[in-house]
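Heads up: the structure comes next, in structure tokens.
The values are calculated or read from the model by the stated rules, or taken from the named source; none is laboratory data. What you see is a predicted model, and the numbers here were worked out from it, not measured in a lab. Cβ: placed from backbone, ideal geometry, glycine included. Neighbour counts: every protein chain shown.
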Amino acid sequence: MRLLAQIKLIMDSGYETKAQWVSLPLTEQEVADIFPAIIQVLDLDGDIDICYNDQTFYEINNIANRINLQEDKHGALIVQAAFRSYDISDALAALENDDFQVLTDVESHETLGRAYVDAGYIDIPEHLIHYINTDSIGYDLCLSGEWIIYEIENIAISWNL
């Protein structure tokens, strides 16, 4: 298991209350050992890019485990994008059921529109391809909520939620 993040927790050992950094992801046994002592999540540092204030420790560790299961960095980015955009349970369900599509090398409406056309989502005759406004296509896809661009990762994802 690779180290993805450090999480700072306020823990109560019964004798004292102190802040402690814990490495994620943790195994089920490790979670069971420390979970009763956790009072609050203070900070999150590492490869996991989520808003930890809205998540419980258990959910954050679950996210770390889901990311850790991904075979490549691209898969891990998809998982993180899901958790930033949707409720944990919806995101997990979409990921487990492969209910999403991904377009790579997307950094703008124009590149989303071009990737969308190149992927064959719109059937355009070859002799007309130069007349198509891919910027408008990408803009409309984002405006409708059908696709979301994650500029940091340079990907666009359509969630079938």
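Please list, ordered by residue number, the strands (runs of 3 or more DSSP E) wholly in the stretch 49-161 having 3 or more residues that are surrounded by 12 or more Cβ atoms within 10 Å (Cβ to Cβ), among the hydrophobic types (A, V, I, L, M, F, W, C) and at pLDDT 70 or above.
Of the strands (runs of 3 or more DSSP E) lying wholly inside the stretch 49-161, those with at least 3 residues that are surrounded by 12 or more Cβ atoms within 10 Å (Cβ to Cβ), among the hydrophobic types (A, V, I, L, M, F, W, C) and at pLDDT 70 or above span 100-104, 155-159.
Within the stretch 119-151, track down each residue that is out of contact with any Phe, Trp or Tyr (no Cβ under 9 Å at 6 or more places or on another chain), in contact (Cβ under 8 Å) with a residue 24 or more places away in the chain and of a type in the set (Val, Ile, Thr).
Passing the criteria: only Ile149.
Among the listed residues Leu26, Leu44, which satisfies the condition of being buried (at least 18 other Cβ atoms within 10 Å of the Cβ), at pLDDT below 75 and not assigned by TED's automatic domain parsing to the domain that holds Asp98?
Exactly one of Leu26, Leu44 is buried (at least 18 other Cβ atoms within 10 Å of the Cβ), at pLDDT below 75 and not assigned by TED's automatic domain parsing to the domain that holds Asp98, namely Leu44.
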